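The values are calculated or read from the model by the stated rules, or taken from the named source; none is laboratory data. Model, not experiment: these values are computed from the prediction. A quick note on method: Cβ atoms are made from the backbone with ideal geometry, for glycine too, and the neighbour counts reach across all protein chains shown.
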Amino acid sequence: MLLRHTPKEISERGALTINPAKTCQPIGAMYAALGVHGCLPHSHGSQGCCAYHRSTLTRHYKEPISASTSSFTEGSSVFGGQANLLQAIENIFSVYEPEVVAVHTTCLSETIGDDLTQIIDKADKGGKIPKGHKVIYANTPSYVGSHVTGFSNMVKGMAMVAEHTGKKNGKVNIIPGWVEPADMEEIKRMCALVGVEIIMFPDTSGVLNGPMSGEFKMFPEGGVTIEQLRSSGDSIGTLALGEWCSADAARYLDTNCKVPCRVLEMPFGLKATDRFVDALRIIAGVSVPDEINRERGQLVDMISDMHQYFYHKAVALAGDPDQLIALTEFLLSIDMWPKHLVTGTPGKAFEDKIHELTADLPYQVNVKAGSAADMFLLHQWIKNDPVDLLIGNTYLKYIARDEDVPLVRWGFPILDRVGHQYFPTVGYKGGLRLLEKILTVILDRKDRDDPEQTFELVL
């Protein structure tokens, strides 16, 4: 197959990345911007950049992604893109009538050195931004960080809209991180069950998983409103789900609006969801409702019933740091063995956290973050120390085929399957879904490999 040239012997690579476990910052910024109601993402760069970002999100969500571009030419690339952006802002509000425009930079505009703060201030003073409308922005150079970094930067741009009046609104800010629209819906449902009134941003539920109505709407009903973003500065607290995706925005609100924040792991699996529910319980000052306890009991029951199939199965994972940390903890709790982990997002803190979680395992876990952590390295690790299961995005399917290892598709992007924006994997209900996905591929492999004498109808 395509990757059979991958050598088993690992050699040091100083300046070469092969099959990176990440994509570029603007894609994350664009996805975050889609979680604002009536928002049109704007790519400050060339047409090709915008087309790539849109197509990647479209292929993952199987939904049309609307975005605009500053459409740099050779002249803009030399003399700067200020004129392009000023004209773009005026045209966008005039033609498409969004409530919000979310501007993110690209490699080209960052290399030139365009000052978004100055340009957008000039647009505002020049009357190019209609009254009651808003332009938010984030710097997202693609040559550093990853799509996770871009997402975080744009979410911080949303937090900068917040206003502090000194009068608390009794609500809690939830910054969910990069999760699927269905996950955001599930988080909102759980908060409602506990009795906590929230402001969630971003919120792509209803935007990228809405129903077919027969009527085209450029700006769907979902998403956090600008009024809610302004009000987030008067919330009683913020729960940021994920250090890499959400913490910067939460700390900005803490510093600038005196909204105390707490950073939690994303609620994937039993323990992380327990901590999330407990944090909600403390904030609301209530007992955990029976329905939540029932859902938790169902997840514990499934773990107990199926434990024999999970026990000591070796796993290799690729994805984003916040998701991988929570998932690793979950796999360990059901006695699976994470062996190899890569994330393209930089951060030694990720490696330290994984080593901390896996300290009691009877082997050394391979873990790497940053540009050197690519799919090529992961493949080499697997060749030297095989695993029973792969968990990650669609790009892992090539390793799965070459090494004959089952794959659970999870994370971003998933290009060859559907349903991820409709079925949550966060919370207790999502944990059931995640376990079912893992169990299905394990039992499918057992059915394929069992000799006739152990090939059974009932397992």
- Message: Can you go through Asn139, Asn91, Asn169 and tell me which one is farther than 24 Å from Tyr61 by Cα, in contact with a strand residue (DSSP E or B) (Cβ under 9 Å, 6 or more places away or on another chain), of a type outside the set (A, V, I, L, M, F, W, C) and buried (at least 19 other Cβ atoms within 10 Å of the Cβ)?
- Response: Asn139
- Which one is surrounded by the most Cβ atoms within 10 Å (Cβ to Cβ), of the residues in the stretch 382-404 that are in contact (Cβ under 8 Å) with a residue 24 or more places away in the chain and among the hydrophobic types (A, V, I, L, M, F, W, C)? Ile391
- Query: Just checking, which of Thr106, Thr58 is among the β-branched types (Val, Ile, Thr), within 27 Å of the chain's Cα centre (by Cα) and under 23 Å from Gly206 (Cβ atoms)?
  - Reply: Thr58
- Task: Please find, among His60, His42, the residue that is in a helix (DSSP H, G or I), surrounded by 13 or more Cβ atoms within 10 Å (Cβ to Cβ) and not assigned by TED's automatic domain parsing to the domain that holds Lys383.
- Result: His60
- Message: Just to confirm my filter: which helices (runs of 4 or more DSSP H) fall fully inside the stretch 196-295 and include at least 1 residues that are over 23 Å from Thr165 (Cα atoms) and of a type in the set (Asp, Glu)?
- Response: 270-284
- So which of Lys22, Lys8 is assigned to a loop (DSSP other than H, G, I, E, B), buried (at least 23 other Cβ atoms within 10 Å of the Cβ) and touching a helix residue (DSSP H, G or I) at 6+ places or on another chain (Cβ under 8 Å)? Lys22
- Query: Exactly one of (1) of a type in the set (Gly, Ala, Ser); (2) under 20 Å from Leu57 (Cβ atoms); (3) more than 13 Å from the chain's Cα centre (by Cα) is unmet by Gly177. Its number?
  - Reply: (3)
- Kindly provide the set of residues from the stretch 402-459 that are touching a helix residue (DSSP H, G or I) at 6+ places or on another chain (Cβ under 7 Å), part of a helix (DSSP H, G or I) and over 20 Å from Glu265 (Cα atoms), ordered by number. Glu403, Leu439, Ile442, Leu443
- Item | From Phe79, Phe72, residue being aromatic (Phe, Trp, Tyr) and surrounded by 20 or more Cβ atoms within 10 Å (Cβ to Cβ) | Phe72
- Cβ-Cβ below 7 Å, separation at least six or inter-chain, first residue in the stretch 364-375 and under 19 Å from Asp322 (Cβ atoms) and assigned by TED's automatic domain parsing to the domain that holds Ala316, second among the aliphatic types (A, V, I, L, M) and part of a loop (DSSP other than H, G, I, E, B): which pairs? Ala373/Ala21
- Item | Some residue of the stretch 354-368 being within 18 Å of the chain's Cα centre (by Cα) and either surrounded by 24 or more Cβ atoms within 10 Å (Cβ to Cβ) or over 21 Å from Gly150 (Cβ atoms) (or both) | no
- Mind listing whichever residues of the stretch 68-102 are part of a helix (DSSP H, G or I), modelled with pLDDT of 95 or more and of a type in the set (Asp, Glu)? Glu90
- Among residues belonging to the stretch 260-295 that are of a type in the set (Lys, Arg) and closer than 26 Å to Leu357 by Cα, point out the one that is surrounded by the most Cβ atoms within 10 Å (Cβ to Cβ). Arg281
- Just checking, how many residues over the stretch 103-154 are assigned to a helix (DSSP H, G or I) and hydrophobic (A, V, I, L, M, F, W, C)? 10
